[in-house]
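Here, each number is a calculation from the coordinates, and none is a lab measurement. Keep in mind it's a predicted model, so treat the numbers as computed, not measured. Here the Cβ is made from the backbone with ideal geometry for all residues, glycine too, and neighbour counts use every protein chain on show.
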């Protein structure tokens with residue numbers, strides 16, 4: 001959901017993440033109140049990550065002129081060990097794709113925008129599809145309104 005406040009201001013809703021103590025961080029597909037959402041606001045050449053009212057994350061701003069690209073790090077976590085044996089615990093709890101989103105500045109320094117989270121292999125199909133849809137919407141709007149290219153590394 002993108003909200004335009006004036007012609008130069010864009011407010012992009014960041015997908016809502018849930019931190020599970022057993023399996024880790026993932027995109028939640030449950031509907032949530034607006035007070036739990038984080039936003040990225042793009043206004044007058046400044047990209048600002050703004051935490052929710054209930055979050056401990058502070059407001060962080062970056063000048064778009066100093067950012068060269070958006071970096072998407074992906075790592076697949078397999079159900080199989082290096083020896084090719086099936087690891088049931090990994091399949092049930094960890095297998096899937098681990099993702100982190102960063103901004104890279106003109107000096108080549110990386111600034112983490114969205115910390116590491118996972119799309120789990122063993123999640124029900126509707127959860128995976130909705131999570132991917134939310135994530136892709138967010139990336140598309142972020143690239144479009146920031147004007148920054150997306151580079152994916154694995």
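For the peptides 40-53, 63-76, the ranking by mean Cβ contacts within 10 Å, running from highest to lowest, is 40-53, 63-76. Per-residue extension of 0.36 nm, minus the Cα-Cα distance of residue 53 and residue 77, leaves a gain of 5.3 nm for this segment. Counted residue by residue at 0.36 nm each, then reduced by the alpha carbon distance between them, the extension gain from residue 150 to residue 107 reaches 13.8 nm. Take the Cβ atoms of residue 85 and residue 36, set R0 to 41 Å, and the FRET efficiency comes out at 0.50.
Can you tell me the order of 111-119, 9-17, 144-152 when each peptide is scored by its average per-residue count of other Cβ atoms within 10 angstrom, highest first?
Working: 111-119: 16.6, 9-17: 18.2, 144-152: 14.2.
Result, highest mean Cβ count within 10 Å first: 9-17, 111-119, 144-152.
Taking 0.36 nm per residue of sequence separation and removing the Cα-Cα distance, the residue 137/residue 65 pair yields an extension gain of 23.6 nm.
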